[in-house]
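**Student:** Okay, handing you the structure first.
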Ligand code: APR
């Protein structure tokens with residue numbers, strides 16, 4: 001059976017997510033954008049690479065939401081990215097309106113899909129989508145943990161001179177400066193980096209991970225898109241192939257880690273049903289305090305979303 005993935009927002013992140021799916025020949029792809037020409041043009045361009053890449057599916061671009069019907073996965077990347085000097089939170093008002101519009105359409109045209117949210121501020125936008133969609137929480141998932149964990153793994157690999165994919169990183173909490181890179185649970189071939197690196201090296205890696213996105217915005221003038229797009233594509237791959245992989249992702253909590261009614265990055269098992277399980281790790285006092293700080297911050301943003309929703 002051929003799967004179908006729709007990507008809403010054919011900008012930088014959306015196009016890279018599409019490229020990931022195309023290169024791995026994972027699904028038929030629909031690109032939707034408010035600017036019809038962007039979606040249609042990029043879809044045509046990508047389709048014309050099918051022969052080179054060995055893509056055997058269909059790819060279509062449009063601004064018509066009827067085209068997302070029967071999607072297995074919908075990835076939302078539409079929205080405004082950061083400019084230098086902006087925090088992700090600064091985008092809340094403008095991106096909320098976009099998420100609202102799109103979630104209402106998904107509810108009509110792709111009500112059985114699993115939705116992956118990428119738009120920032122990530123946790124608050126995932127909360128907004130969850131509330132508007134009315135889907136069970138297992139099918140509304142925020143992409144941040146895969147990206148932040150990959151960034152963490154990359155910085156560890158550079159410090160230890162090992163290959164990035166030999167490192168398993170785990171970042172919880174919010175997709176922002178107060179994210180929680182769990183160094184105790186970050187390993188190289190099963191060995192915790194706390195046994196391999198000095199405290200100061202680990203502090204440096206943690207800081208680099210937190211500001212990795214901001215550094216790219218400063219350098220490039222807009223936010224990152226290759227790694228974020230690939231992270232979203234990878235989550236779609238895990239769902240389609242039912243890999244049941246333990247990753248970090250933003251989820252709506254119902255008592256896990258003693259957190260309620262907050263969308264926050266936690267370890268989950270991802271599979272064909274979306275969130276198959278939320279994994280409760282044994283966190284120490286400091287880690288729990290950092291996670292609670294994130295929850296407090298996200299709840300403040302959720303209150304803003306609640307005001308917009310009322
Ligand atoms: N419906 C559909 N598409 C929309 C809508 C809408 N209501 N509003 C905006 N778009 C489209 C834009 O036309 C644009 O093509 O979303 C796309 C966004 O693309 P970029 O501006 O290139 O932004 P990008 O870098 O892809 O980031 C998108 O992902 O990582 C986050 O912070 C980032 O919130 C931002 C989002």
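The values are calculated or read from the model by the stated rules, or taken from the named source; none is laboratory data. Everything quoted here is computed from the prediction, not taken from an experiment. Every residue, glycine among them, receives a Cβ derived from its backbone with ideal geometry; neighbour counts consider all protein chains shown.
**Student:** From the list 106, 102, 141, which residue is modelled with pLDDT of 95 or more and part of a strand (DSSP E or B)? So that I can check it myself, show each step before the final result.
**Tutor:** Numbers: 106 fails: part of a strand (DSSP E or B); 102 fails: part of a strand (DSSP E or B).
Of the residues listed, the single one that is modelled with pLDDT of 95 or more and part of a strand (DSSP E or B) is 141.
**Student:** Among the residues that make up the range 56-68, is at least one of them under 25 Å from residue 298 (Cβ atoms) and either assigned by TED's automatic domain parsing to the domain that holds residue 239 or surrounded by 15 or more Cβ atoms within 10 Å (Cβ to Cβ) (or both)? Spell out how you get there, then give the answer.
**Tutor:** Within the range 56-68, the first condition is being under 25 Å from residue 298 (Cβ atoms), and the residues that meet it are none.
The answer is no, given that none of the residues of the range 56-68 is under 25 Å from residue 298 (Cβ atoms) and either assigned by TED's automatic domain parsing to the domain that holds residue 239 or surrounded by 15 or more Cβ atoms within 10 Å (Cβ to Cβ) (or both).
**Student:** To continue, here is another question. Might you check whether a residue that is more than 15 Å from the ligand (Cβ to nearest atom), free of Cβ contacts under 8 Å to residues at least 60 places away in the same chain, within 26 Å of residue 135 (Cα to Cα) and crowded, with 17+ Cβ neighbours inside 10 Å occurs anywhere in the range 23-36?
**Tutor:** Going residue by residue through the range 23-36, those that are more than 15 Å from the ligand (Cβ to nearest atom) are 23-29.
Among the residues that remain, those that are also free of Cβ contacts under 8 Å to residues at least 60 places away in the same chain are: 23, 25, 28-29.
Add one more test, that the residue is within 26 Å of residue 135 (Cα to Cα), and what stays is 28-29.
Applying the additional criterion that residues be crowded, with 17+ Cβ neighbours inside 10 Å yields 28-29.
Yes, some residue in the range 23-36 is more than 15 Å from the ligand (Cβ to nearest atom), free of Cβ contacts under 8 Å to residues at least 60 places away in the same chain, within 26 Å of residue 135 (Cα to Cα) and crowded, with 17+ Cβ neighbours inside 10 Å.
**Student:** Spot the failing condition for residue 88; the list is (1) out of contact with any helix residue (DSSP H, G or I) (no Cβ under 8 Å at 6 or more places or on another chain); (2) modelled with pLDDT under 95; (3) under 30 Å from residue 310 (Cβ atoms); (4) within 10 Å of the ligand (Cβ to nearest atom), and only one is missed.
**Tutor:** Only one criterion in (1) out of contact with any helix residue (DSSP H, G or I) (no Cβ under 8 Å at 6 or more places or on another chain); (2) modelled with pLDDT under 95; (3) under 30 Å from residue 310 (Cβ atoms); (4) within 10 Å of the ligand (Cβ to nearest atom) is unmet by residue 88, namely (1).
**Student:** Let me ask something else. Is it true that residue 9 is at positive phi and within 12 Å of the ligand (Cβ to nearest atom)? It would help to see each step written out before you state the result.
**Tutor:** Details: at positive phi: yes; within 12 Å of the ligand (Cβ to nearest atom): yes.
It is true that residue 9 is at positive phi and within 12 Å of the ligand (Cβ to nearest atom).
**Student:** Tell me which of these residue 51 doesn't satisfy, since it passes every other one: (1) within 14 Å of the ligand (Cβ to nearest atom); (2) outside any loop (DSSP other than H, G, I, E, B); (3) surrounded by fewer than 19 Cβ atoms within 10 Å (Cβ to Cβ).
**Tutor:** Among (1) within 14 Å of the ligand (Cβ to nearest atom); (2) outside any loop (DSSP other than H, G, I, E, B); (3) surrounded by fewer than 19 Cβ atoms within 10 Å (Cβ to Cβ), residue 51 violates only (1).
**Student:** Could you say which residue among 236, 212 is closer than 14 Å to residue 146 by Cβ, modelled with pLDDT of 95 or more and out of contact with any strand residue (DSSP E or B) (no Cβ under 6 Å at 6 or more places or on another chain)? Quick ask: steps written out before the conclusion?
**Tutor:** Values: 236 fails: out of contact with any strand residue (DSSP E or B) (no Cβ under 6 Å at 6 or more places or on another chain).
When all the criteria are applied, what remains is 212.
**Student:** Give the residue that is modelled with the lowest pLDDT, with candidates limited to residues of the range 154-188 that are surrounded by fewer than 19 Cβ atoms within 10 Å (Cβ to Cβ), out of contact with any strand residue (DSSP E or B) (no Cβ under 9 Å at 6 or more places or on another chain) and in a loop (DSSP other than H, G, I, E, B).
**Tutor:** 177
**Student:** Out of (1) under 18 Å from the mean Cα position of the chain (by Cα); (2) more than 8 Å from the ligand (Cβ to nearest atom); (3) part of a loop (DSSP other than H, G, I, E, B), what's the single condition that is false for residue 119?
**Tutor:** (2)
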